[in-house]
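Peer 1: A single structure is presented below for examination.
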Amino acid sequence: MKLFTVFGNPIAHSKSPILHNYVLYKLKIDARYTRYLLDSSKNFRELFFSLGLSGANITLPYKEDIANICDEICGIAQKIGAVNTIIKKDNKIIGYNTDAIGFYKNIEDRNIKNALVIGAGGSSKAIAMILRENNINVMVSNRSKKNLAFFDAKGFETCINDEIPESTKKREFDIIINATSSSINDTLPLQKDDLESLFERSKIAFDLMYGKKCIFLESAKTKGLDTIDGSKMLLYQAIPALSIFTNIDESAIKPHMEYIYKIINPNN
Ligand code: NDP
């Protein structure tokens, strides 16, 4: 039997085991998917091999640490420098990033030309890169300067949350994406006035969080924006991840994954 898991901290909230185990069962694959509370990425290689895993998903806050541990990185993950999916191949760890496509699937049929991404962590990098690959103009704002260096080096327009230029506050962003963990703590990622000013001119607000009421999206709704939470991103990143784990085409995985997603997200 093959074993998969999702590593993260915290991890108890993760719905990945439900999604993956249901599809593994439906496709009659002899495999199980668990969750693993990872206290530190130190000695991760040894841990990964000692657990006898064939593959794993990586979540907050380890996506960049594990990318640095991989023997090989494939596809868009090379540009992002963060992985959310790894497999064991010939005693090597191979890393992928399916967050980028998981995010983009939510908005691919919308007419988006420019975006503001708030946050500069692993998921922000994935989002900024896939938006740019699809010719969407991206500005990135973050709480602290340090993590903006990645975006500056790649030529993205950046600013610090508390120093957003007046001209930027008046810009029309088609979509504003909260790629921070602020909503977990029921706080806004930007100062309330700045955010409201930006929402005045925007069309869509996206928050990566899922599973609970979100103060960022509630605030956007009061300004008349369309809102999208992170639940479908979870679904759309899981489909290619399971395809990488099993070598089964995404088209065979998708209907089962969508079915179980609907069961656990009856309102979406
Ligand atoms: P990281 O830890 O890599 O980055 C977090 C970022 O958020 C940092 O830039 C940090 O700023 C910023 N930040 C944290 N708290 C606040 C706050 N209170 N106000 C403003 N900025 C803040 O996390 P990830 O990028 O991996 O994940 C971000 C969020 O997205 C998580 O909540 C995660 O669960 C969610 N997520 C959801 C997915 C889905 O499928 N729906 C997929 C991936 C992620 P600084 O640089 O200053 O520390």
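The values are calculated or read from the model by the stated rules, or taken from the named source; none is laboratory data. The structure presented is a predicted model; accordingly, all values stated were derived computationally and were not measured. Note that each Cβ is placed from the backbone with ideal geometry, even for glycine, and that neighbours are counted across all protein chains shown.
Peer 1: Among the numbered criteria (1) closer than 23 Å to Asn84 by Cβ; (2) of a type in the set (Lys, Arg); (3) in a loop (DSSP other than H, G, I, E, B), which single criterion is violated by Lys125?
Peer 2: With (1) closer than 23 Å to Asn84 by Cβ; (2) of a type in the set (Lys, Arg); (3) in a loop (DSSP other than H, G, I, E, B) applied to Lys125, the lone miss is (3).
Peer 1: Give me the residue from the range 81-134 that is among the basic types (Lys, Arg) and over 19 Å from Phe151 (Cα atoms) and, out of that set, surrounded by the fewest Cβ atoms within 10 Å (Cβ to Cβ).
Peer 2: Step one: of the range 81-134, the residues among the basic types (Lys, Arg) are 88-89, 92, 105, 110, 113, 125, 132.
The next check asks that each one be over 19 Å from Phe151 (Cα atoms); those that pass are 88-89, 92, 105, 110.
Details: Lys88: 17, Lys89: 12, Lys92: 10, Lys105: 17, Arg110: 12.
Across the range 81-134, the extreme among qualifying residues is Lys92.
Peer 1: Let me ask something else about it. When Asp152 is evaluated against the numbered criteria (1) assigned to a helix (DSSP H, G or I); (2) more than 20 Å from Ile76 (Cβ to Cβ); (3) modelled with pLDDT of 95 or more, which criterion, by number, is the only one it fails?
Peer 2: (2)
Peer 1: Inside the range 14-31, can you point out the residues that are in a helix (DSSP H, G or I) and touching a strand residue (DSSP E or B) at 6+ places or on another chain (Cβ under 8 Å)?
Peer 2: Restricting attention to the range 14-31, the residues satisfying the condition of being in a helix (DSSP H, G or I) are 16-26.
Selection gives Ser16, Pro17, His20, Asn21, Leu24.
Peer 1: Please go through the range 97-122 and give me each residue that is part of a strand (DSSP E or B) and more than 13 Å from the ligand (Cβ to nearest atom), ordered by number.
Peer 2: Step one: list which residues in the range 97-122 are part of a strand (DSSP E or B), which gives 114-118.
Hits for the range 97-122 are Asn114, Ala115, Leu116.
Peer 1: A further question on this structure: Which of (1) farther than 30 Å from Phe151 by Cα; (2) surrounded by fewer than 14 Cβ atoms within 10 Å (Cβ to Cβ) does Ile29 not meet, given it meets every other one?
Peer 2: (2)
Peer 1: Next up: Which residue pairs have Cβ atoms under 6 Å apart, sit 6 or more places apart or on different chains, and have a first residue in the range 104-132 that is touching a residue at least 12 places away in the same chain (Cβ under 8 Å) and a second that is more than 12 Å from the ligand (Cβ to nearest atom) and of a type in the set (Gly, Ala, Ser)?
Peer 2: Leu131/Ala115
Peer 1: So which residues in the range 135-170 are more than 14 Å from the ligand (Cβ to nearest atom) and surrounded by 13 or more Cβ atoms within 10 Å (Cβ to Cβ)?
Peer 2: Narrowing the range 135-170 to residues more than 14 Å from the ligand (Cβ to nearest atom): 135-139, 153-155, 157, 165-170.
Of everything in the range 135-170, those that are more than 14 Å from the ligand (Cβ to nearest atom) and surrounded by 13 or more Cβ atoms within 10 Å (Cβ to Cβ) turn out to be Ile136, Asn137, Val138, Met139, Lys154, Glu157, Thr168, Lys169.
Peer 1: Being polar (S, T, N, Q), under 19 Å from the mean Cα position of the chain (by Cα) and buried (at least 17 other Cβ atoms within 10 Å of the Cβ) is the filter here, so list the residues in the range 216-268 that pass it. Before the answer, list the steps.
Peer 2: Quick first cut of the range 216-268, residues polar (S, T, N, Q) only: 219, 222, 227, 231, 237, 243, 246-247, 251, 265, 267-268.
Narrowing further to those that are under 19 Å from the mean Cα position of the chain (by Cα): 227, 231, 237, 243, 265, 268.
Passing the criteria: Ser231, Gln237, Ser243.
Peer 1: Step by step: first the residues of the range 171-197, then only those that are within 14 Å of the ligand (Cβ to nearest atom) and more than 20 Å from the chain's Cα centre (by Cα), then the one that is nearest to Lys232 (Cα to Cα). Which residue is that?
Peer 2: Step one: filter the range 171-197 for residues within 14 Å of the ligand (Cβ to nearest atom), giving 176-192, 194-195.
Next, only the ones that are more than 20 Å from the chain's Cα centre (by Cα) stay: 191-192, 194-195.
On the way: Gln191: 27, Lys192: 27, Asp194: 28, Leu195: 24 Å.
Of everything passing the filter in the range 171-197, Leu195 is nearest to Lys232 (Cα to Cα).
Peer 1: Output the number of residues of the range 183-201 satisfying the condition of being touching a residue at least 60 places away in the same chain (Cβ under 8 Å) and either part of a helix (DSSP H, G or I) or polar (S, T, N, Q) (or both).
Peer 2: At the first step, the residues of the range 183-201 found to be touching a residue at least 60 places away in the same chain (Cβ under 8 Å) are 189-190, 198.
Right, trim to either part of a helix (DSSP H, G or I) or polar (S, T, N, Q) (or both) and you get 198.
Qualifying residue count for the region: 1.
Peer 1: Follow-up question, since we're still on this one. Consider Ala56 carefully, then state whether it is buried (at least 22 other Cβ atoms within 10 Å of the Cβ) and either more than 21 Å from the chain's Cα centre (by Cα) or closer than 30 Å to Asp152 by Cα (or both). Steps first, answer last, please.
Peer 2: Working: buried (at least 22 other Cβ atoms within 10 Å of the Cβ): yes; either more than 21 Å from the chain's Cα centre (by Cα) or closer than 30 Å to Asp152 by Cα (or both): no.
Considered against the rule, which asks whether it is buried (at least 22 other Cβ atoms within 10 Å of the Cβ) and either more than 21 Å from the chain's Cα centre (by Cα) or closer than 30 Å to Asp152 by Cα (or both), Ala56 comes out as no.
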